[in-house]
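The values are calculated or read from the model by the stated rules, or taken from the named source; none is laboratory data. Quick caveat, the model's predicted, so the values are computed rather than measured. Please note: Cβ atoms are built from the backbone with ideal geometry, for glycine as well, and neighbour counts cover all protein chains shown. Heads up: the accessible areas ignore ligands, DNA and RNA and are worked out on the full protein's heavy atoms, side chains in. Shrake-Rupley method; radii C 1.70, N 1.55, O 1.52, S 1.80 Å.
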Amino acid sequence: MYIAIVLCLMLIFPFAGIGVEYGHAPLMALVGKWFVFFGVGWRLAIAGIRQIAQPRFTAEHIFNVTGGGGVLVLVRELGFANLGTGLVGIVSLWRPDFTLPTAIVAGIFYAAAGVMHSLEANRSTNENVAMVSDLGIAIVLAAYVVWRLCI
């Protein structure tokens, strides 16, 4: 289920949005709009809700950390940060002026998370999915940010 959600939110839905609007706005504007809405907004909001409600899943299945206590508190705090960032990404569909700042913040987060996943020697399948998708969207968001800052 995790892989299907990531695939939809990081590839299928953003490309569908771009495809529907292609030709009505510059391509990079559409990339920013739809990757921030789905890849940042919905992905981080859903992840945040899951991390708040079920921190053990992220701890065990993404970070390969077992046990409770402090790690679950940290995962919950990450969940609130992800939920907040995700909600701003969702709102960016109606407030396009939110797209660039959200892309900057999420791009830094995704790049750092992807690098941290890549340094883990014994990655699980879910962590590999997280690593590839995090680094992929970090590149997409960086391209959008550079484009926006240069126009």
In degrees between 0 and 90, to the nearest 10, how far off the longest principal axis of the chain does helix 125-150 point, with axes built from Cα atoms? 30 degrees
If you roll a 1.4 angstrom probe over the protein chains with everything in place, what fraction of the accessible area of the chain belongs to carbon and sulfur, to the nearest %? 73 percent
Ordering D97, D134 by accessible area with a probe of 1.4 Å, largest first, what comes out? D97, D134
Taking the solvent-accessible surface of protein heavy atoms with a 1.4 Å probe, what is the per residue accessible area of region 62-151 in Å²? 54 Å²
Over the chain: helical MRE at 222 nm, DSSP H runs n ≥ 4 each giving -39500 (n - 2.57), nearest 500: -22000 deg cm²/dmol
Explain nothing, just the number: relative contact order of the chain, from Cα pairs under 8 Å at least 6 residues apart, as a whole percent. 27 percent
Here region 9-19 yields Karplus 3J(HN,Hα) values (6.51, -1.76, 1.60; θ = phi - 60°; whole Hz; Gly and Pro given as x) of 6, 9, 10, 4, 5, x, 5, 5, x, 4, x
How many nm is it between the label spots at M28 and I139, if each spot is 7 Å from the Cα in line with the beta carbon? 1.7 nm
Can you grab the distance from the C-alpha centre of region 93-116 to the C-alpha centre of region 48-88, Å, no decimals? 19 Å
